[in-house]
Structure formats: C-alpha cells, structure tokens
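This report refers to the structure that appears directly beneath it.
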Amino acid sequence: LKLEDILVGDVWLLGGQSNIEFPIHKLDGGSLEIASANFKNIRLFTVPQLNGPDEKKAFPRLYQWNDFFSEHYRQGYWDVCSPATVKEMSGIGYIFARRIHMATQIPIGVIDASRGGTCIETWLPLDLLKTIDTPEVKAALSDWDKKVAEFDPQKDLEARVKQFNDWSANMKKQGKEIPADRTAPTDLRPGPAMDMNRPGNCYASMIAPIAGLQIKGAIWHQGYNNALVPNGHVMYSHVFAKMIGAWRAAFNDPQMPFGIISQETEGEPQDLDNYLGKMNDEGIYIREVHYQTFLDFQKAGDKNVGFASSFDQRRAWYHPQIKIPVGERIAAWALVTQYEKPDDIRWLP
C-alpha cells in the first residue's frame, strides 16, 4: 500500500450467510448503485472462505475463477470502492457503508466475512459451544462428532468411483461421448471434519484470522439454513447471544456494536390472511429469536445491539431481494446510536 492509501476511519464487519454475502450486482437497483460507487474513502475487503476446525492466524490472497457463478472472485485484498471493485461486494454491506460515509464523511472500511449455506453453530468457537449445556446443542455436537468419526476416506473414494463408472456406462449405452475432462476420481476427501457447517469451523477459519483488529461494529444477517432444520430455532435461541459475546471478545470490545437484520419466511410474504400457514415455517421462529435477542440486550442495558427488519423487502424465498432498503435501515441504527446523528432518523423496530 502507498501511504496515501492508508486511512484513519471506522471498520465494520459483515457476518452471516448468503443473505449478506449476496453481491450488489444481483440486487434490485444494484446497477445504479454500482455506477454511483465512486467513494475513494470507502475500502472493501472479503475474507477468503477457508475450512477446518483449527483456528487460523492468517489467510492467502485469492483471485480465482468460480465455476458455479462463472466469474472471478477477489478475496484477501483491501480495495478502494469504485464501480469496478464494488460489483462482488455484499449489497447490504456496501449500502450500509456508503450511507454511513455520506452522513459522517468518516472513511469507512467494510470486511465481508459471510458465507452462503452456513448455520449459526459454525460461527461460534467450538470450545464455547461445548459449554452450552442444552439438549439441542449437545445433540448437534454429538451428531457431528459421529459423522467425523465414521467417515472413511477410502470408502468414500470407492463410492465416487462406482458412481462415475455407472454414469460412464449409462453415457455409452446412450451413444454419448464422455467429455475428455471427466475422469474417475482419485483424490481422498477430508469429509465432515472440514465441512463449513461443522460447529466452530467458520469461526476458526474466517473470524479467528482477523481477530484483534480494531472493529467499529458488526452486522449479522443469517438464519436460512437453521430454518431448514426441525426446531432449528430452539438451538438458535441457545447460541445467538453467546455468539455475539464471542465476536465481541474476538475483537477485544465487550460493548462492540452489533446490528441484527431479521430472517425471512419462505414463499409469499406473511400477512394476516396466511399467518397460520406460515407458522409451519421455521423462518418465523428464527425471526422471533433475532428480535427477542435484541430485546434481551436492550432490557439488560446494552444499547449497542441494534435491529432491522427485512422480511417485508422480499418477493419469495428466504432472501430479501430488495436489499437496498435493508442496508439503509441498519445504517440508520448505526448513525443514531454510534455516530450521534439526530434522533428523528427512525430506526427502532
């Protein structure tokens, strides 16, 4: 970095799953935001998505092709915010950063440490999870221990070879050619031990490497994967407040601001006509845990935990496709409570 690239300002951490990882170029109104993203005093950073239970102290810089999305991803670099660099940034994160910067003129850094498809239990330190003495948490840890212990890399390879051979035979039977780049697997996979959703793994691989940085605050938007598990909200209620405490400890700030963005429900938006039907969806209960956790911190006198609703900003599914208002809502919380902006900026749910 050149000296003029190093700014004194506030750094905010974004955490969760694909709700917050969702890049700005896929948002409603994202193209206009990208074209307007000329902010030389905003910095963008994405934490590489590493794996494994051992707490890491560093990470590689990556600039690599993603076959699933058919585009390059740049991780592990600080970038000056511009239309060219902002495209893959978290949509909610960018909207939050640009609103804070516009209102305060303070240089703002945004660290995206989110990962699609993850459950909340992967974002806590494993040692902390082991201290939570509830049946749901103990059962989850026990299930993962069993999966790790029972995994046989050689049997896994043999099963994948058989699957490839069966597929090849079927292709030949249909008179189709097998692509040259498709060959029988030969690698031994690490299995559940390295799974991103093994309890504690994302904390060890994506939070631990940046622990100790001077973070202004964190924004959290997650819950979809836990909503897919029967009674997933029960364990969520046992661990969410503990996770907030663990992140505060990781960044050496027991009062670190923490903004919660609520979970959504699946299908059409919930209203009075379909309310009872939506009670079958775990999303509503995850949302209840988000709100109740916020209330619990408020009642305990902790004024640094915020809340923003998102479930009205969606068309279907668990994602709020209309994410720009969501980023603005959580920015309103930060402006009033962390930057002493006027109280007539509404943020309270």
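The values are calculated or read from the model by the stated rules, or taken from the named source; none is laboratory data. Fair warning: this is a prediction, and the values are worked out from it, not measured in the lab. Glycine gets a Cβ as well: all are built from the backbone with ideal geometry, and neighbour counts include every protein chain shown. The protein model used for the area step is the full one, side chains on, heavy atoms only, and it has no ligands, DNA or RNA in it. Shrake-Rupley method; radii C 1.70, N 1.55, O 1.52, S 1.80 Å.
Data overview
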read-out	value
Qualifying residue in segment 208-221 (condition: in contact (Cβ under 8 Å) with a residue 24 or more places away in the chain and over 25 Å from Phe59 (Cα atoms))	no
Residue list for segment 49-82, restricted to those being assigned to a loop (DSSP other than H, G, I, E, B), on the phi < 0 side of the Ramachandran plot and in contact (Cβ under 8 Å) with a residue 40 or more places away in the chain	Gln49, Leu50, Asn51, Pro53, Asp54, Glu55, Lys56, Lys57, Ala58, Phe59, Trp78, Ser82
Number of positions in segment 135-152 that are within 30 Å of His233 (Cβ to Cβ) and exposed (fewer than 13 other Cβ atoms within 10 Å of the Cβ)	7
Boolean, Asp181 is out of contact with any helix residue (DSSP H, G or I) (no Cβ under 8 Å at 6 or more places or on another chain), surrounded by fewer than 22 Cβ atoms within 10 Å (Cβ to Cβ) and without any contact (Cβ under 8 Å) to a residue 60 or more places away in the chain	yes
Residues of segment 79-102 classified as more than 18 Å from the chain's Cα centre (by Cα) and either among the acidic types (Asp, Glu) or buried (at least 16 other Cβ atoms within 10 Å of the Cβ) (or both), total	8
Any hit, segment 93-111, residues being of a type in the set (Gly, Ala, Ser), in contact with a helix residue (DSSP H, G or I) (Cβ under 7 Å, 6 or more places away or on another chain) and closer than 24 Å to Tyr203 by Cβ	yes
Filter result (open to solvent by 10 Å² or more (accessible area, probe 1.4 Å) and within 22 Å of Gln222 (Cα to Cα)) within segment 113-131	Arg115, Gly116, Gly117, Cys119, Glu121, Pro125, Leu126, Asp127, Leu128, Lys130
Spans of helices (runs of 4 or more DSSP H) in segment 227-316 with at least 3 residues open to solvent by less than 10 Å² (accessible area, probe 1.4 Å) and modelled with pLDDT of 95 or more	232-250
Candidate set: segment 153-178, residues that are open to solvent by less than 60 Å² (accessible area, probe 1.4 Å), in contact with a helix residue (DSSP H, G or I) (Cβ under 8 Å, 6 or more places away or on another chain) and not aliphatic (A, V, I, L, M); chosen: the one farthest from Ala208 (Cα to Cα)	Asp156
Output for segment 4-36, where each listed residue is at pLDDT 90 or above and either aromatic (Phe, Trp, Tyr) or under 16 Å from the mean Cα position of the chain (by Cα) (or both)	Trp12, Leu13, Leu14, Gly15
Subset of segment 83-104 (residues that are farther than 15 Å from His25 by Cα and in contact (Cβ under 8 Å) with a residue 40 or more places away in the chain)	Phe96, Ala97, Arg98, Arg99, Ile100, His101, Ala103, Thr104
Complete set of residues in segment 33-90 that are under 30 Å from Arg189 (Cβ atoms), of a type in the set (Lys, Arg) and touching a strand residue (DSSP E or B) at 6+ places or on another chain (Cβ under 9 Å)	Arg61, Arg74
One residue from Ile20, Ile24 being open to solvent by less than 10 Å² (accessible area, probe 1.4 Å), of a type in the set (A, V, I, L, M, F, W, C) and touching a Leu at 6+ places or on another chain (Cβ under 7 Å)	Ile20
Pick from segment 27-48, criterion assigned to a strand (DSSP E or B) and either in contact with a Ser or Thr (Cβ under 7 Å, 6 or more places away or on another chain) or under 15 Å from Ile92 (Cβ atoms) (or both), ranking: most open to solvent (accessible area, probe 1.4 Å)	Thr46
Of all residues in segment 184-194 being in a loop (DSSP other than H, G, I, E, B) and out of contact with any helix residue (DSSP H, G or I) (no Cβ under 7 Å at 6 or more places or on another chain), the one that is nearest to Thr131 (Cα to Cα)	Pro190
